[in-house]
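Q: Have a look at this one.
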Amino acid sequence: MPELVFFSGTMDCGKSTLALQISHNRSARGLQGVIFTRDDRAGEGKLSSRLGLVTEAVEVTEGMDMYRYLVDRLSRGGKVDHVIVDEAQFLAPEQIDQLARVVDDLGLDVFAFGITTDFRTKLFPGSQRLIELADRIETLQVEALCWCGARATHNARTVDGEMVVEGAQVVVGDVNRPAEEVGYEVLCRRHHLRRMTRASVRAGVLSPDVLPVTSV
Ligand SMILES: [Zn+2]
């Protein structure tokens with residue numbers, strides 16, 4: 001049976017690498033997939049991993065009907081055996097519904113990769129809809145560690161290395177940007193709640209004894 005599978009994780013979980021691996025393994029077996037992505041760090045219409053691998057992808061635009069796109073491609077004689085979606089958290093909930101229809105009506109496997117929660121620990125709308133509709137959810141093994149050595153399970157947004165909790169849900173950034181820009185850092189839940197980033201601890205601004213958030 002075809003499935004809608006949601007591979008969920010944090011920013012540093014290596015999901016794009018896994019997406020590329022699945023794509024590669026399937027094409028080695030003669031299977032052809034359509035790869036969708038949105039706002040990949042390598043630019044429009046690209047799927048890239050931190051290891052530097054890049055492949056062509058279809059950029060998902062706002063309001064794009066992904067079901068219709070695939071029906072059109074199939075009706076023009078295109079071969080599609082499966083669908084891979086990276087950065088699925090940026091998709092609109094309606095687009096996740098379209099992916100479910102791709103599984104049910106077109107009989108294709110859909111593998112969606114996405115970050116579960118935003119920098120405020122809230123679900124992205126696309127990820128929420130995936131959790132609601134997916135046949136299966138695979139939580140990706142966390143590769144990254146918090147500065148304290150614990151598993152990094154939460155995404156923090158930083159400006160000058162300091163954690164911020166205000167701002168739009170989507171600001172495209174990367175974890176290895178220069179410090180004065182908006183960046184991201186993955187932290188354990190404990191240090192996310194206490195807003196303790198690597199830089200703030202190094203600067204001695206905060207210590208574990210002095211909690212910046214009195215309610216925690
Ligand atoms: Zn920590």
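Nothing in this text is a laboratory measurement; each read-out follows from the coordinates by a stated rule. As the structure is a prediction and not an experimental result, all values here were calculated from the model. Glycine gets a Cβ as well: all are built from the backbone with ideal geometry, and neighbour counts include every protein chain shown.
Q: Identify all lysines with a Cα-Cα distance to residue 15 below 16 Å; exclude those on the same chain that are fewer than 8 residues away in sequence.
A: 46
Q: Compute the long axis of helix 66-75 from its Cα atoms, compare it with the longest principal axis of the Cα atoms of the chain, and write down the angle in degrees, 0 to 90, nearest 10.
A: Value to nearest ten degrees: 30.
Q: So how strong a dipole does the chain carry about its Cα centre when Lys and Arg Cβ are +1 and Asp and Glu Cβ are -1, to the nearest 20 debye?
A: Values: 25 positive and 31 negative charges, 121 e Å.
With Lys and Arg at +1 and Asp and Glu at -1, about 580 debye.
Q: Here's another thing I want to ask about it. Expressed in nm², what is the orientationally averaged projection area of the convex hull enclosing the Cα positions of the stretch 1-113?
A: On the way: hull surface 27.1 nm².
About 6.8 nm², averaged over all directions.
Q: I would also like to ask the following. Which Cα, out of 147, 19, 126, lies furthest along the positive dipole direction of the chain (beta carbon charges, K/R +1, D/E -1)?
A: Positive-most Cα among the choices belongs to 147.
Q: Two-decimal Rg/Rh of the chain from alpha-carbon positions, Kirkwood Rh? Provide the component values of the computation, followed by the final result.
A: Values: Rg = 18.5 Å, Rh = 18.2 Å.
Ratio of gyration radius to Kirkwood radius for the chain: 1.02.
Q: Oh, and also: Over the alpha carbons of the stretch 91-144, what is the largest minus smallest coordinate on each principal axis, giving the biggest first in Å?
A: 36, 22, 14
Q: Among 47, 204, 85, whose Cα projects farthest towards the positive end of the dipole of the chain, with charges put on the beta-carbon of Lys, Arg (+1) and Asp, Glu (-1)?
A: Value computed over the given set: 204.
Q: Counting each DSSP H run of 4 or more residues in the chain as -39500 (n - 2.57), what helix-only mean residue ellipticity at 222 nm follows after dividing by all residues, to the nearest 500 deg cm²/dmol? Write down the numbers at each step before the final one.
A: Details: 6 runs with 57 residues, N = 216.
One gets -7500 deg cm²/dmol as the mean residue ellipticity at 222 nm.
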